[in-house]
Structure formats: structure tokens, C-alpha cells
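The values are calculated or read from the model by the stated rules, or taken from the named source; none is laboratory data. Not measured: the values here are computed from a predicted model. Glycine also receives a Cβ, built like all others from the backbone with ideal geometry; neighbour counts cover every protein chain displayed. The area values use the complete protein model at the heavy-atom level, side chains included, leaving out ligands, DNA and RNA. Shrake-Rupley method; radii C 1.70, N 1.55, O 1.52, S 1.80 Å.
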Amino acid sequence: MNIIKIFCIFRLFLLFLSVNLYIFFELIENNMKKLSNLLKKLSYTEIINFVERNISAISYDSRLVSSDTLFVAMKGTKVDAHNYIPDVIKQGCKTIVCEKVPDSYDDVTFIRVDNSRQTLAEISHWWFDYPTRFMKMIGVTGTNGKTTTTFLIAQILERMGLKVGIIGTTGIYFLNRFYNATHTTPESFELCRIFKEMATNGVQCVVMEVSSHSLEQKRVFGIDFDVAVFTNLTHDHLDYHLNMENYASAKKILFDNLKSDAIAVLQGDSEWAKLMISDCKCENIAFVGRNNLNKYIIQNERIMLNGISFNLSTDTLNLDIKTSLLGKFNIDNSSLAVAACIELGYNPYDVAAAMKEVAPAEGRMSSIQLRTGAIGIVDYAHTPDAIEKALLTCREILQNSGHNNSKLICVFGCGGDRDRTKRPKMGEIASQIADIVIITDDNPRTEDPASIRKEILQGIPEENKSKVLEIAERAEAIRYAVDVSGNGDIVLVAGKGHEKYQIIGQTRFHFDDFEHLKKM
């Protein structure tokens, strides 16, 4: 009897093993795609040594390849992956996409292309079965306001009953999941992986920040955006783009690639708005702003200590918008979000009702009551325009709440290895609007922190120098700002917002502005 039992158990084990091995090999087979099928989807100039192969993985990192990997060699701002092609081949890789073909290797297939970054995007969409086709895609671009506008649109659409995903500076969110993001807009392969996961889990709409870098570097190539939103264009990233015209041209790519039935929503009072849509093929273009030439007109603005309110009107509509967000610039962000959702076909009054319930994005004018009776505010403002708007908002809050004699204290610094030209401008602006300015460190990275602070201080006019202090240690700077504050004052800690780290050299340390204010 025992032998029979053992025999039956053994047979069941073999059956279980065979079924699971079958599933295992089916999964391997399903994760492989034929090179010839990929080539039908690519724009390439030449194929050298073509051999039909199964591709099991895509990589643009030379350290992460194997014999079944398709490697894409891309030129970066600091590293050219073409230089690592010999190393990739030594690791067994047999299929390589590149712009420059090295000396011939008999057993390696080279696919020569004009732009490896664009090709990576084409490969990524194909590899993940074109997931964006199953979701409504909304892209938000501009210097400031991208994160807030993205979160507002997402929250409104969620209240309209949609399952929504968010991709941006503060991370990737969908269906109670969160992933950290290393870039405002991830690389195309990571993007498509995320899109695939979202689509598989039933996400119906993706609202994402679209940075100028991602547009110029083809990270969002191949995404058919249903809606594109333009917030503004001000001084930033000129270390990369060199001038404002190049910066604007990069942003413009989003609108140049819109299909005819897409929707474009733009801050119409911006001097760059008309340029953005100068080659736009879409037929539905809506400008939002304060002058009467806009389709959506902002009127009757009120900025209070506990929020904002305004009217948004068209020829046939007059909406009363109220929200707990702070500041005049959030009137701009809110109006763009409302207009985008109305243009998508949602009931304007339902959209206005949803705005009453929205919450700000993390680190965007986030406020806390301090032990001294002052209000602490943390904001991501890290450009001249953004810090000016944040400070003017704080000044308006003080005036509208009857605290005309209260102090406005500003703590900020500038990041290292980034646009240096904005540093003196930010120093000048802060010293003109705030009553006390404390210059401190903000992710100095590999630059000398003292040199960064010096460049900020160079922009401060002689007559304002008496109200400016330099405290290198950021925690100490925040502590000092709270210590000198009093009842009714505002302490604005600007520059890092949602970030929970400080980068010194090449080391990342935990640091959270809001956390430090909480201790106060």
C-alpha cells in the first residue's frame, strides 16, 4: 500500500513538474520576439550581417546585455555608448542598433540608424505592444507649473470616474502604486514599460509632464497625445539649450506632433504661446488667460490665506472656481486644468465642483504652522520666474490677510552642475521682494557650494545686501529663519519642494525641507 501511495505521489509530482515547465517555456517564448518582425517597424538606413534571431531583452546600458539582447547605442551629453560596443560584443551580444558602425564583426548584426534615441522609442513601443493606444494621453509642458497642472487634471478626471496614471517630477502614480522617477520624463523604454503596466491594470488615462529634454531627446517619440497643455516659458535649462529660442523650439515639438483631432490648451498671455502652435495640425486650440483674446478668460481673482477663487468664462459659460491651493500662479495652473477637462468633453460644472476637492502636489506651496506663529511654506521654486511668483504670492497672502507689517523670510539656494546664469537673477529677485533672505546650499553636487552661493550673492543690489545672510548648512538656515520669524510672518523655503535628499559631491543624503520645518 505504501509503495502504491508513493508511486501515485510521484506521478502527481511529474505531472505538476511537466505542467509548470510547459508554462515556464511558454513564458520564455512569449517574451522573445523575432528580429525580422522588429525591422518591419523601424526606420533604419542599413543592415549589416543580418541573421534572424530571437530577442529576449532590450538594453541601452552596455553593462546589461547577453547573447539574446538587442543593444541600442546612444550618444548622451556625457557618455557615448558607441564607445562600449566592443565590450558589449565581448559579453555575447549579437544584435546592435547604432549610428556609427565599428569595424566589421562577422557574427554580429548591426542596424545603422540616423537617430538611436528615436529608434529606441520605436523599439520600445513595439516591444511593449503599443500600450498608449489603449489609453488617453495628456502631456503638460512648460517651465513652471507642470507638476501642479498634471496633478489637478488627474484629480479632476478621477472624480469623473476614470482610472488615471500620473508621470512626472515627483514620481509615477497609478491605482495606489508609486514608483520613484529619476527624470521628470523617463527614458522611452522605461516609459513604455510603465505604460504597459498601466494599460494591463486598467488605467484609462495618463497625465504626464513632458520636459524639454525629453522632447529633444526623443523620449516621448511615438506617443500620440490626445491633449497637450502649455503652462509658460521662462528662464531655465539654458546650460543645456543655450538660449530661450532653442528652449522654446524643444517645447514646441509636443505641439508640432499633435494629430488633427487632438486638443491644445495654452496659457494665452505667454509671449511664447503663438509660437507653440505655429505648426500645430490639431484643430481644437484653446487659449486661457486674462485678456479678452483668450477663449477662457480669468476674472475676479481672490488670493486668500486658505486658498484662491476666480471666475473662468467663455462666450457661453461663467464658472466660479474655488480651491484650497495657494497663490496667483495656481490660478493659472487651475484654469489650464479646468479648460483641458472641459475641452475633453466633461461637464463644466462637474469640473468646477471637482476643483473644490483637489489637493496640491507634494512640495508645491505646502504650508505648516510654526511654533513662532509664523507660517512655513515649502515650494519647488528653483527658477527666477518661479521664485518671483512664489514670493509675490506670499506677499499677497500677507496683504490680503491683514498682515501688512509681517515679515517675509526666504531660504533658498541653487543646484550645482546646472544652469549658472539663473543664480544672480534669483538672488536679485529674492532680495527685492523678501524682507530677509538666507542664501544656503541646494544640491551642490560636484560644484563648490561656496562658489554657487557667491554667484547668487553677485546678483544682489548694494541697497539690499543688509537683509541678506549666507548660511551654508541648509538645516541651520531653516532653523535660523524660523528663529527670527514671529506671529503672522511667512517663512518660504524654496528650491527643493518634494525632494527628500541633498546631493553633495556624488553622495545623496536624506534631507526634507518640510520635515525640518515640522521640527520647528
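Report whether or not V227 is in contact with a Gly (Cβ under 8 Å, 6 or more places away or on another chain) and surrounded by 17 or more Cβ atoms within 10 Å (Cβ to Cβ). The answer is yes for V227. Of the residues making up segment 417-468, those that are part of a strand (DSSP E or B), open to solvent by less than 20 Å² (accessible area, probe 1.4 Å) and touching a Lys or Arg at 6+ places or on another chain (Cβ under 9 Å) are V437, I439. Scan segment 89-106 and tell me whether some residue there is polar (S, T, N, Q), without any contact (Cβ under 8 Å) to a residue 40 or more places away in the chain and farther than 17 Å from K33 by Cβ. Yes: one or more hits.
Could you list, in sequence order, all residues of segment 329-377 that are acidic (D, E) and part of a helix (DSSP H, G or I)?
Of the residues in segment 329-377, the ones acidic (D, E) are 332, 343, 350, 357, 362.
Correct list: D332, E343, D350.
Do the conditions hold for V207, that is, is it open to solvent by less than 20 Å² (accessible area, probe 1.4 Å), at pLDDT 90 or above and part of a loop (DSSP other than H, G, I, E, B)? Steps first, please.
Numbers: open to solvent by less than 20 Å² (accessible area, probe 1.4 Å): yes; at pLDDT 90 or above: yes; part of a loop (DSSP other than H, G, I, E, B): no.
The answer is no for V207.
Inspect all residues belonging to segment 324-343 and state whether any of them is open to solvent by 70 Å² or more (accessible area, probe 1.4 Å) and over 22 Å from L233 (Cβ atoms).
First, the residues of segment 324-343 that are open to solvent by 70 Å² or more (accessible area, probe 1.4 Å): 328.
Filter again for over 22 Å from L233 (Cβ atoms), leaving none.
Among the residues of segment 324-343, not one is open to solvent by 70 Å² or more (accessible area, probe 1.4 Å) and over 22 Å from L233 (Cβ atoms), which makes the answer no.
Scan segment 474-505 for residues that are in a loop (DSSP other than H, G, I, E, B) and either of a type in the set (A, V, I, L, M, F, W, C) or in contact with a helix residue (DSSP H, G or I) (Cβ under 9 Å, 6 or more places away or on another chain) (or both) and jot them down.
Matches in segment 474-505: V484, G488, D489, G495, K496, G497, H498, E499, K500.
Restricting segment 469-520 to residues that are among the polar types (S, T, N, Q) and closer than 29 Å to M304 by Cα leaves a set whose member that is surrounded by the most Cβ atoms within 10 Å (Cβ to Cβ) is S485.
Scanning segment 144-196 for residues that are without any contact (Cβ under 8 Å) to a residue 60 or more places away in the chain, open to solvent by 10 Å² or more (accessible area, probe 1.4 Å), part of a helix (DSSP H, G or I) and of a type outside the set (D, E) turns up just one, I194.
Consider segment 379-396. How many of its residues are within 19 Å of P424 (Cβ to Cβ) and in a helix (DSSP H, G or I)? Quick ask: steps written out before the conclusion?
Start the filter on segment 379-396 by keeping residues that are within 19 Å of P424 (Cβ to Cβ), which leaves 381-391.
Then keep just the ones that are in a helix (DSSP H, G or I); that gives 384-391.
Selection size over segment 379-396: 8.
Restricting attention to segment 96-143, the residues being open to solvent by less than 20 Å² (accessible area, probe 1.4 Å) and out of contact with any Gly (no Cβ under 7 Å at 6 or more places or on another chain) number 23. The set of residues from segment 63-114 being in a loop (DSSP other than H, G, I, E, B), closer than 19 Å to T45 by Cβ and in contact with a Phe, Trp or Tyr (Cβ under 9 Å, 6 or more places away or on another chain) comprises A73, M74, V101, P102, S104, V113, D114.
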